[in-house]
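The values are calculated or read from the model by the stated rules, or taken from the named source; none is laboratory data. The model shown is predicted, which means the values in this text are computed figures rather than measured ones. All Cβ positions, glycine included, derive from the backbone under ideal geometry; neighbour counts span all protein chains shown. In case anyone asks, the SASA skips ligands and DNA or RNA and just uses the protein heavy atoms, side chains included. Shrake-Rupley method; radii C 1.70, N 1.55, O 1.52, S 1.80 Å.
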Amino acid sequence: MYKLIVSDLDGTLVDGNKKVSEYTKKVVKRLKEMGIEFIIATGRSYKGAKHIYDLLELDGEIVCNNGTTIYDGNGELIFQRTLSSKITYEVFKKALEENCIFFATYGTQIFIGEGTIEVANNFLYNPLENPIEINMDNIHQFTFEKIVLMDKNPEKLKTLSKYFNQYDEINAFISQEDYLDVVHFETSKGQAIKTLADLKNIDLKYVIAFGDAFNDYEMLKVVGKGLVMENGFEELKREFETIEFTNEESGVAKYLANCFSIDI
């Protein structure tokens, strides 16, 4: 019997409007009543994920920023891994050379390349609120958990992913079509789930995880059952079991309702 369910958010648990369905809420609530824990593991910051966490009435941990941070049920930081100042400088310099939008996070604070706020808002679902603007002169003053380079050219991002992965300290991957994420090489959603499973004394073979993109790969790989959404990246669908539903169809909830014989 599975004891822990882990789900990505964007492209997986929420629909294209970033909403979670009433059906999903009911299924998660029933799972909780059955003693089965449900955890969010997302590329979003804590602030960006907390709304969904609250709607689902969760009270456990939440994995944010692709595993660079883990928060407990009270919103207290229990794990954090940051990038070195040398690496962030190199990534920012490359972003300027390639004319990509530079976006970064640390806790609840947002950072953006100087003079690019309006352009960045074309990529984001919610307009930026009071971000700190970064330039070559002040970047050394800040520490980042995660960096995102945004560009409408997916081939450019794939090339940049290969370029950045030459650095030993970097783990770079496409998290959404227009997003290239850069995090510390020792962090991933998979490593975060390993950490939480150990804390809860749960064998990973009793864990189910759902995802749709490359930032979910390690998580899908380490758990007992890794599942990809029907709308997921084709490369993932070739390696992992694919469920027959998309995120627009409350696919995670439908799969779990069938798996755990939940009738709603």
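Selection of segment 1-29 for residues being in a helix (DSSP H, G or I) and either open to solvent by less than 90 Å² (accessible area, probe 1.4 Å) or hydrophobic (A, V, I, L, M, F, W, C) (or both) yields Tyr23, Thr24, Lys25, Val27, Val28. Scanning segment 206-264 for residues that are of a type in the set (S, T, N, Q) and either over 24 Å from Glu22 (Cα atoms) or at pLDDT below 95 (or both) returns a single hit, Asn215. For the residues Ile87, Ile52, the requirement of being over 22 Å from Lys254 (Cα atoms) and of a type outside the set (D, E, K, R) singles out Ile87.
Which residue is nearest to Leu256 (Cα to Cα), if the candidates are limited to segment 179-222 and must be acidic (Asp, Glu) and in contact with a Lys or Arg (Cβ under 8 Å, 6 or more places away or on another chain)? Steps first, answer last, please.
Let us first name the residues in segment 179-222 that are acidic (Asp, Glu), namely 181, 186, 198, 203, 212, 216, 218.
Filter again for in contact with a Lys or Arg (Cβ under 8 Å, 6 or more places away or on another chain), leaving 181, 186, 216, 218.
Working: Asp181: 29, Glu186: 31, Asp216: 18, Glu218: 21 Å.
In this case the residue turns out to be Asp216.
Within segment 33-58, residues that are on the phi > 0 side of the Ramachandran plot and modelled with pLDDT of 95 or more sit with their Cβ atoms under 9 Å from residues that are in a helix (DSSP H, G or I) and surrounded by fewer than 20 Cβ atoms within 10 Å (Cβ to Cβ), at 6+ positions apart or across chains, in these pairs: Glu57/Lys25; Glu57/Lys29; Glu57/Lys32.
If the condition is being touching a residue at least 60 places away in the same chain (Cβ under 8 Å) and either part of a loop (DSSP other than H, G, I, E, B) or not aromatic (Phe, Trp, Tyr) (or both), then segment 149-174 contributes Leu160, Tyr167, Glu169, Ile170. For segment 201-212, does any single residue satisfy the condition of being free of Cβ contacts under 8 Å to residues at least 24 places away in the same chain, under 25 Å from Glu241 (Cβ atoms), out of contact with any Phe, Trp or Tyr (no Cβ under 7 Å at 6 or more places or on another chain) and open to solvent by 60 Å² or more (accessible area, probe 1.4 Å)? Within segment 201-212, one or more residues are free of Cβ contacts under 8 Å to residues at least 24 places away in the same chain, under 25 Å from Glu241 (Cβ atoms), out of contact with any Phe, Trp or Tyr (no Cβ under 7 Å at 6 or more places or on another chain) and open to solvent by 60 Å² or more (accessible area, probe 1.4 Å). The set of residues in segment 141-175 that are of a type in the set (D, E, K, R) and open to solvent by less than 30 Å² (accessible area, probe 1.4 Å) comprises Glu145, Lys146, Asp151.
Is there a residue being open to solvent by 40 Å² or more (accessible area, probe 1.4 Å) and farther than 24 Å from Glu218 by Cα anywhere in segment 40-49? No, segment 40-49 contains no residue that is open to solvent by 40 Å² or more (accessible area, probe 1.4 Å) and farther than 24 Å from Glu218 by Cα. Looking only at segment 176-193, which residues are closer than 19 Å to Val14 by Cα, open to solvent by 10 Å² or more (accessible area, probe 1.4 Å) and in contact (Cβ under 8 Å) with a residue 24 or more places away in the chain? Passing the criteria: Gln176, Asp178, Tyr179. Within segment 1-24, the set of residues being small (Gly, Ala, Ser) and at pLDDT below 95 comprises Gly16 only.
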